Amino acid sequence: MKPVQGPLETVNMYKVDFPVDQSAEKAVERRRSAESARKARIFNTRLRVMGLDTDVLNQQVQEKKHQQNIERQRDKAFDKLREYHDVALLQLETDDREKRAALHTDLVQYWATQQRVEDSRDADLKCGLQGAFRIPIPERRGYRRGASEERTNERDRKRSTSPEGGQCERHMGNKHREMLVSRELVHQDLRGVQQAALEEECKNAIRIAYNDYNRALAAEQAEKLMEQHRREERENLAEMRHTLTSDMMTECAEAAERKVGGGKPHHVLTDRWRGMSPEQLRAVHEERETQCRERQRKRDAEKIHDTALDLQLLKLSREAEEEEARAAELKRQTRIQMDQYNMQLAREQQAHQEYLDKKLYTNKPTRDYFYQFNTSSR
């Protein structure tokens, strides 16, 4: 028979080794690390006093360096773009200069081949009749060739094409052209002479008209001068007559005191005044003496008033000195009382301090008492 197993043996039979749960220990360790970091931040004097955030400052430094790098790259890109534009402008300027040179060369060549001097209408004047036979005769307005002339030209063309025409026909044609050219030149000279004659007649007519106008202006100016001269003579005569009959020349004594227009009754005209009369001089002396007596009376009254004022000021100054003496004495008594009161306060304060030092504050804290504070971040 098998032995019966008890409950402890049954438990031991099914016992399994489970892994130990370390999450609690890790949490504790994590809290300890956070507490250490917090203490390092809180008890750091530099961070606590100055309030610096190094992470934010480092981030600002990195952002500033990044911005400077971007600006530097942008400046380099702008420099490259500016160099490219300079090269393009130089190339455009070179192409334009080459185009201008080629155009000038073509123009000079065209002048040399298509616009020669000997082919112009006035070649006979410039080149000594070398190209006179090439000048086309312009038809005048209203002039048309007749049928006989057209037949003559047709016959000349046929003769020139025939082998027998030869040099004689060409010589006759050249003479005919020279005769037409001479006739045209004569007509031009006649027209020039007629035009010059008409211009001369117009100039003469204009000259005559200007002369007539200038003569009319001269006559009008002479009449104005004569009228002005006559007016000045009349004014001078009137002024002389007024001067001869005036009060200044007749020496009228009443003229100086005469009332003129709306003037004052005793208004004196200085340009006609002949001096004061004895009655006027006597009145002036009397008025001056009266003014002197009045001035002396006022001076005496002012002296009496000044004396009374000086006595009043002296009395006021004595009263002020007495008041100042009383105020000084009162101030001295007040200072003595204040000194006594301050001494009493000093004695009372000294006694209170001795009571605090010797009876109340006898148990002084040690260094260990202060070290128990600020040991945790919480």
Q: Would you kindly state how much longer the chain becomes between His176 and Gln340 on full extension, computed as 0.36 nm times their sequence separation minus their alpha carbon distance, in nm to one decimal?
A: 43.4 nm
Q | Glu322/Arg299 FRET efficiency (R0 56 Å; Cβ-Cβ; nearest 0.05) | A | 0.95
Q: Sort Phe373, Phe43 so the one with the fewest other Cβ atoms within 10 Å of its own Cβ comes first.
A: Phe373, Phe43
Q | His187-Asp306 pseudo-label distance in nm [points 7 Å out on the Cα-to-Cβ vector] | A | 12.5
Q: Report the calculated FRET efficiency for Ala101 and Asp79 (r = Cβ-Cβ distance, R0 = 30 Å), to the nearest 0.05.
A: 0.35
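Quick note: the coordinates plus some simple rules give every number you see, no bench work behind them. Small disclaimer: the values here were computed from a predicted structure and weren't measured. Methodologically, a virtual Cβ is constructed for each residue, glycine included, from the backbone with ideal geometry; neighbour enumeration extends over all protein chains shown.
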